[in-house]
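What follows is calculated from the coordinates using simple rules that are stated; it is not laboratory data. All values reported here derive from a predicted model rather than from experimental measurement. Glycine gets a Cβ as well: all are built from the backbone with ideal geometry, and neighbour counts include every protein chain shown.
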Amino acid sequence: MNKTIGLFVGSLRKESYSKKIAKAIAEMAPEGFIFKQISLENLPIYNQDFDDYGLAPEEYLKFRNEVKSLDGFIFITPEYNRSIPGVLKNAVDVGSRPKGESVWNGKPGAVFSSSPGNLSGFGANHHLRQCLVSLNVPVMQQPEVYLAKVHEIFDENGKINEKTLEFLQKAVDAYIEWFGKIAD
Ligand code: FNR
């Protein structure tokens, strides 16, 4: 039976570099794995009242069921103000509730970050890791994936250069190998 790994992108921007990286990663799934992009487009901002009063929006239920069906997660995120973009934090929060019913629990994750500057999304990468500790999502330690000057990895047709693709492929391979060791 195939294992399904969800790809979560921390940007809604049409021309998002993170989206393009996720698209390239989606094609790197080895035999026995499916890489599935999970949309965060229409997820309302988390409000605990929705869960406390049984009013969870349809989008929450759909998202939680979708995440529940996954075997692991790869997060591909830019950095907003030295942290993760709200869209990704919101998705993390929505999936984490109702209390005791987190759909993230125990499944292996990886965090890939990027930025047009030199900081490579380091702050976002590690803030997300902090959230994942609390959600009991073990996170691949090595290789760490920080892509600096991300706008320079694409050619005029939006294709990622060979060197970066090789690096991403190595990171994906490492994730798959590690996943095999720790997943149920
Ligand atoms: C940014 N950007 C940014 N970049 C960075 O390296 N560190 C940061 O703290 C921030 N902060 C930040 C805040 C906000 C609100 C925006 C909109 C942008 C720039 C960001 O890295 C750049 O816009 C990326 O292109 C966003 O990623 P996508 O949309 O291309 O995936």
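Numbers below:
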| item | result |
| --- | --- |
| Antiparallel bridge percentage (DSSP; both residues within the chain; nearest 5) | 10 percent |
| Kirkwood Rh, angstrom, region 62-111 [1 / mean 1/r, Cα pairs] | 11.7 Å |
| Degrees, to the nearest 10: 58-68 long Cα axis against longest axis of the chain | 60 degrees |
| Within a Gaussian network of the chain (alpha carbon springs, distance under 10 Å), most fluctuating of Asp155, Asp93, Asp51 | Asp155 |
| Ellipsoid equivalent to the chain - semi-axes via the Cα gyration tensor, in Å | 26, 19, 15 |
| Descending semi-axes in Å of region 21-76, equivalent ellipsoid built from Cα gyration tensor | 28, 12, 8 |
| The chain - mean residue ellipticity at 222 nm from DSSP helices (-39,500 (n - 2.57) per run, n ≥ 4, rounded to 500) | -12000 deg cm²/dmol |
| Trypsin sites (Lys or Arg not before Pro) within region 49-83, DSSP loop, no more than 13 other Cβ atoms inside 10 Å | Arg82 |
| Dmax and Rg, reported as Rg then Dmax, of region 96-158 (C-alpha, Å) | 14.7, 47 |
| Region 3-182, relative contact order in percent, only Cα pairs under 8 angstrom and at least six apart counted | 22 percent |
